[in-house]
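The values are calculated or read from the model by the stated rules, or taken from the named source; none is laboratory data. None of the values given here were measured: they were computed from a predicted structure. So basically every Cβ, Gly included, is an ideal-geometry build from the backbone, and we count neighbours across all protein chains shown. Just the protein is used for accessible areas: all its heavy atoms, side chains included, with ligands, DNA and RNA removed. Shrake-Rupley method; radii C 1.70, N 1.55, O 1.52, S 1.80 Å.
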Amino acid sequence: FRGRNDDSEDTELRFVTCQSLWNQIKLETEQIQEDLNKQLLDNLVSFLSRSLSEFQEKTTEWTCRMKFREIPTAALVLGVNVTDHDLTFRGLADVLQDNVTPYIALLEAKDCSGIKNLMQKLMGQLMNCDIDVDLLEDEDSVQVSQNRIRCSMSSLISWYESVTKKTDSETPSKKRNSSSRHWQSPPVVVIFKDMESFSTKVLQDFIVISSQHIHELPLVLIFGIATSPMIIHRLLPHSVSSLLCIELFQSLSCKEHLSTIIDKLLLTSQFPFKLGEKVLQVLINIFLYHDFSVQNFIKGFQLCIVEHFYSQPLSVLCCQLVDVKKRVYSLSHDQCENIRRLPSFRRYVEKQESGKQVALLTNDSFLKEETEKLLEDLHVYHENYVSILRCLHVFTSSLPKYPLGKQIRELHCACLENRVWETEEYESSLQLARMLNKTDLVTMLQQCVEILTSSSGKEFDKTVEKLKEFLTQFQNLGGEASQEQDVSVSSQMELQKKTDLYHLQKTLLELKESRRSKKLTKFEMLRFEVVDYVDSLVRKYLVPADDRTLHEIAYFNAAAVLRGHLNAAPRTALHTALNNPHWYLKNQALKCDGGGISNKAPDICIVYKLHLECGRLINLVDWLEAFSTVVMAAEEPNADAASSDQVDDIIHARFIRAVSELELLGFIKPSKQKTDHVARLTWGGC
């Protein structure tokens, strides 16, 4: 785990710290996802419970279903973030197996090209055995053996009846243990993970066959839907969809899921590692404009952690506050020099008096003491930053048009990017906040008091007292604010009607001018005082992280490196690999200076570099001669003619294979103009 720019002796400690941090974050993300999916999974379990109780008790509703041959079906709308669906389905299968039924099959369209393949997969998962479809001639003609079974609904029903009878005939103690986890006569749950990808005919055949046996087999279907529930009616005609008793379930929006992940992982002092503004923006942009995948966002976050600990020699100090002192005082002289090279530390030294500057630059012991204080200050900054950011979000999220964004992640990015109080959006937010009515202001202040009271920051006692004082003053105003409150409500309603920034700013200026001409009421004065106080908190605590000393230790800001990892450039990578194989293979024998061609390089690399020197059409004979010259450059001439002919045949075969590989990669194609030529397809540098 040795980094790029150091030969330090603490690489093992950095690796252990990185691994420990990621394990903590992984556990936290798993818990977050479990909590977010809990309501959805509970609703599905409740749905299955109702369906099973109706089957077991043979209620009037189930009798009606049997009459109309309806299959209980859950339409689970998960959204377009398909890469996240596997995690949801795994969680669903685990919950059902623990609480409902052991008989669960998860089917994917790629494995179910026909009804036989579907039945094979279904019965294979349920019975946990191998079924050879290639040996099947038709559904009802295959004999049962130890490892092979008939792929038909009747055999599935026979198997289910035998299994449930076996369970019923168990000893009372075993039956009692099994019933504590699973229901009596548990349903068979079939989950179609990607319904849109299934063949219409396969779905229709399976539903029609299953509906004919619903009175014998408690079958429940779950459709995983990425787009819209209407896809069911587009894929299935009415005669088939009428055989399904469908209930709709909606998962949490992937954007809300992402906001929760950012809130729990980044907007907390629990984890010392932080993302810089540009890095966070790269991950969010990939999420919003590429795949909507929360799992890929988490993988990108993991990549940032690994890259930070790999490339930053001082990342060993990116740890919990309790471990900082021990690690700071164990720093070597070289690591102290690394601290002195940090840009933020240089700025800090320049602001100190001359005597302290000399001590910081020459005395390692004094530097370690100061580093410990600075890292503690950085930790306190994180605690205070998160609390005040949440308070500011309480105000900005309730304003019309959301000048600073509706989501807290947007506000967080704005605060990381620069001094947020110097932006036009912040000024617009303050102007809008100065027109809030009493009810809204009181609600916001109460929320801020709750946030700061529950905060781990120790500097907010006076702040909480001040906010409570504002609340008391608003209560004492009583009826004096009612008239002004009505005016504020009408002003807000008018602002809500403005659809563009120009008219919004125009209205704000008109209101500002109108207020100058009249005397401020007690309510208005108090409202201005509240907004100004919140503004002072923002200016004090929401300073960008880049302005904090030693922020490089905790913050990962290499957006270009991350973008290079996540935004693939296959042509550039391919050109680099073929033109300079030493870049990837790290073999000194392949290193060439001045654009030469090494005869030690792989054949395809030699052929590729030779083809770069050619025009639109390449003569294969000339190309072969050039290839042979390069390959034979280091070999001694052989007098034996037979042996020479054999060598030529081998070189010819190697050349043909290399050219074929180059054609497969799309660099050349056969030419119809000249049979002994190939056409070059790529031009320009990468």
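Can you run down the residue pairs with Cβ atoms below 6 Å, 6 or more apart or on separate chains, where the first is in segment 344-372 and farther than 22 Å from Asp547 by Cβ and the partner is β-branched (Val, Ile, Thr)?
If the second residue must be β-branched (Val, Ile, Thr), the pairs left are Lys368/Val328.
Hey, any hits in segment 376-383 for a residue that's more than 30 Å from the chain's Cα centre (by Cα) and assigned to a helix (DSSP H, G or I)? Can you show your working first?
At the first step, the residues of segment 376-383 found to be more than 30 Å from the chain's Cα centre (by Cα) are 376-377.
Applying the additional criterion that residues be assigned to a helix (DSSP H, G or I) yields 376-377.
Looking through segment 376-383, at least one residue is more than 30 Å from the chain's Cα centre (by Cα) and assigned to a helix (DSSP H, G or I).
Considering each of Cys254, Cys245, Cys304 in turn, give the residue that is among the hydrophobic types (A, V, I, L, M, F, W, C), under 18 Å from the mean Cα position of the chain (by Cα) and farther than 30 Å from Leu378 by Cβ.
Working: Cys245 fails: under 18 Å from the mean Cα position of the chain (by Cα); Cys304 fails: farther than 30 Å from Leu378 by Cβ.
The unique qualifying residue is Cys254.
Give me the pairs: first residue in segment 418-439 and open to solvent by 30 Å² or more (accessible area, probe 1.4 Å), second residue part of a loop (DSSP other than H, G, I, E, B), beta-carbon distance under 7 Å, and six or more apart or on different chains, which are they?
Note: pairs meeting the criteria are Asn418/Pro544; Arg419/Pro544; Glu425/Pro403; Glu425/Leu404.
Residues checked against (1) open to solvent by 20 Å² or more (accessible area, probe 1.4 Å); (2) at pLDDT below 95; (3) part of a helix (DSSP H, G or I):
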| residue | (1), (2), (3) |
| --- | --- |
| Arg327 | yes, yes, yes |
| Asp334 | yes, yes, yes |
| Leu361 | yes, yes, yes |
| Arg390 | yes, yes, yes |
| Lys406 | yes, yes, no |
| His412 | no, yes, yes |
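Kindly evaluate Asp205 against the criterion of being open to solvent by 30 Å² or more (accessible area, probe 1.4 Å) and either closer than 30 Å to Asn384 by Cα or assigned by the TED database to the domain that holds Ser387 (or both).
On the way: open to solvent by 30 Å² or more (accessible area, probe 1.4 Å): yes; either closer than 30 Å to Asn384 by Cα or assigned by the TED database to the domain that holds Ser387 (or both): no.
It is false that Asp205 is open to solvent by 30 Å² or more (accessible area, probe 1.4 Å) and either closer than 30 Å to Asn384 by Cα or assigned by the TED database to the domain that holds Ser387 (or both).
Just give me the residues in segment 233-287 being under 19 Å from Val386 (Cα atoms) and assigned to a loop (DSSP other than H, G, I, E, B), in sequence order.
Selection gives Leu266, Leu267, Thr268, Ser269, Gln270, Phe271, Pro272, Phe273, Gly276.
Of the residues in segment 543-559, how many are open to solvent by 30 Å² or more (accessible area, probe 1.4 Å) and under 19 Å from the mean Cα position of the chain (by Cα)?
Matching residues across segment 543-559 total 2.
Let me spell it out: the conditions are (1) hydroxyl-bearing (Ser, Thr, Tyr); (2) surrounded by fewer than 20 Cβ atoms within 10 Å (Cβ to Cβ); (3) part of a helix (DSSP H, G or I), and Thr371 meets all of them except one. Which number is the exception?
Evaluating Thr371 over (1) hydroxyl-bearing (Ser, Thr, Tyr); (2) surrounded by fewer than 20 Cβ atoms within 10 Å (Cβ to Cβ); (3) part of a helix (DSSP H, G or I) leaves (2) as the failure.
Here is a check on your reading of the model: is Arg65 at pLDDT below 90, over 30 Å from Leu314 (Cα atoms) and open to solvent by less than 50 Å² (accessible area, probe 1.4 Å)? Give the steps one after another, and end with the answer.
On the way: at pLDDT below 90: yes; over 30 Å from Leu314 (Cα atoms): yes; open to solvent by less than 50 Å² (accessible area, probe 1.4 Å): yes.
When the stated conditions are applied, Arg65 passes them.
Of all residues in segment 397-418 being under 26 Å from the mean Cα position of the chain (by Cα) and among the hydroxyl-bearing types (Ser, Thr, Tyr), which is nearest to Lys458 (Cα to Cα)?
Ser397
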